[in-house]
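> My questions will all concern the structure given below.
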Amino acid sequence: MSAAVEIAPGVRHYPAYLDRAGQEALRDEIRAVFAAAPLFVPRMPRTGKPFSVRMSNCGPLGWVSDEKGYRYQATHPETGAPWPPMPARLLAVWAALAPGAPPPEACLINLYDATARMALHQDRDEEELSAPIVSLSLGDTALFRVGGPTRGGPTRSFRLASGDAMTLGGPGRLAFHGIDRIYAGGSTLLAEGGRINLTMRRVSKA
Ligand code: MD3
Ligand code: FE
């Protein structure tokens, strides 16, 4: 547990929110999610250009992207199986950091290797934009960038380390954000290195 730092209006950073034991337990639960819902490589709408991150999901809905577009769906894009349930540990983090919000329906899991990036974007595929997004990071540190609600405005950069949490709500919910780089080799949490980011989302109107 730790105090929040408000990076921008509605964008809160909780450094070291999970202690090492909590990170290890969550890592093991995410490994089990990957076993049931294998990592897939999302592709850009229209062009089919592959993302540099790999993804999976847990919860009733998962976020996917391919030539047909971005969307939430109840099944894995390659296996066709329903997504595995969201671990109780994640639901507890949501309850603590998003009190009063309706339960999350999707937890998108991003896996970054040392060269992966995520371009500046908004998360607006959810019907319920009044609920926050809650994020947790595991493994290598990332350089995160966040701006305002319009592309091309000023941005701020800061590091997201293993165990850090973020909440993105209110005026921060539609902020542009991305991952500019991964600092490889700094964490012993993931045996193969890399970074895992989890984002819990409410998708449908409560
Ligand atoms: C700020 N993930 O999955 S998490 C994503 O580290 C995504 O993998 C990044 O952007 C990652 O969509 C960043 C922190 C985050 C998530 C959602 C936000 C920051 C946000 C929504 C609005 C503003
Ligand atoms: Fe995002």
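The values are calculated or read from the model by the stated rules, or taken from the named source; none is laboratory data. Everything numeric in this text was worked out from a predicted model, so none of it was measured. Heads up, the Cβs are rebuilt from the backbone with ideal geometry, glycines too, and the neighbour counts pull from every protein chain shown. Areas reflect the complete protein model, heavy atoms only, side chains present, ligands, DNA and RNA absent. Shrake-Rupley method; radii C 1.70, N 1.55, O 1.52, S 1.80 Å.
> Considering only residues of the range 44-68 that are open to solvent by less than 10 Å² (accessible area, probe 1.4 Å) and among the small types (Gly, Ala, Ser), which is nearest to LEU90 (Cα to Cα)?
My answer is GLY59.
> Can you report the number of residues in the range 189-204 which are more than 11 Å from ligand 1 (Cβ to nearest atom) and under 14 Å from ALA114 (Cα atoms)?
Qualifying residue count for the region: 5.
> Identify, please: which residue in the range 117-140 is in contact with a strand residue (DSSP E or B) (Cβ under 9 Å, 6 or more places away or on another chain), among the small types (Gly, Ala, Ser) and more than 9 Å from ligand 1 (Cβ to nearest atom) and is, among those, most open to solvent (accessible area, probe 1.4 Å)?
Looking at the filtered set, the residue picked out is ALA119.
> What do you reckon, is THR47 polar (S, T, N, Q) and under 20 Å from VAL203 (Cα atoms)?
No.
> It is to be established whether one or more residues within the range 141-148 are touching a residue at least 40 places away in the same chain (Cβ under 8 Å) and crowded, with 22+ Cβ neighbours inside 10 Å.
Yes, that holds for at least one residue.
> In the range 154-168, how many are in contact with a Lys or Arg (Cβ under 6 Å, 6 or more places away or on another chain) and open to solvent by less than 30 Å² (accessible area, probe 1.4 Å)?
The qualifying residues number 1.
> Working only within the range 69-113, note down all residues that are open to solvent by 70 Å² or more (accessible area, probe 1.4 Å), of a type outside the set (D, E, K, R) and at negative phi.
Those that are open to solvent by 70 Å² or more (accessible area, probe 1.4 Å), of a type outside the set (D, E, K, R) and at negative phi: TYR70, THR79, PRO82, PRO85, ALA88, LEU91, PRO99, PRO103.
> Could I ask something else about it? Give me the residue from the range 170-186 that is surrounded by fewer than 19 Cβ atoms within 10 Å (Cβ to Cβ) and assigned to a loop (DSSP other than H, G, I, E, B) and, out of that set, farthest from ligand 1 (Cβ to nearest atom).
Checked the range 170-186; the qualifying residue farthest from ligand 1 (Cβ to nearest atom) is GLY185.
> I'm told VAL11 meets every condition in (1) at pLDDT 95 or above; (2) away from ligand 2 (no atom under 16 Å from the Cβ); (3) over 15 Å from ILE196 (Cβ atoms) except one. Can you identify the failing condition by its number?
(2)
> Given (1) open to solvent by 30 Å² or more (accessible area, probe 1.4 Å); (2) closer than 21 Å to TYR14 by Cα, where does ARG151 come up short, assuming only one miss?
The failed condition is (2).
> Being loosely packed, with under 15 Cβ neighbours inside 10 Å and under 18 Å from the mean Cα position of the chain (by Cα) is the filter here; which residues of the range 187-206 pass it?
SER204
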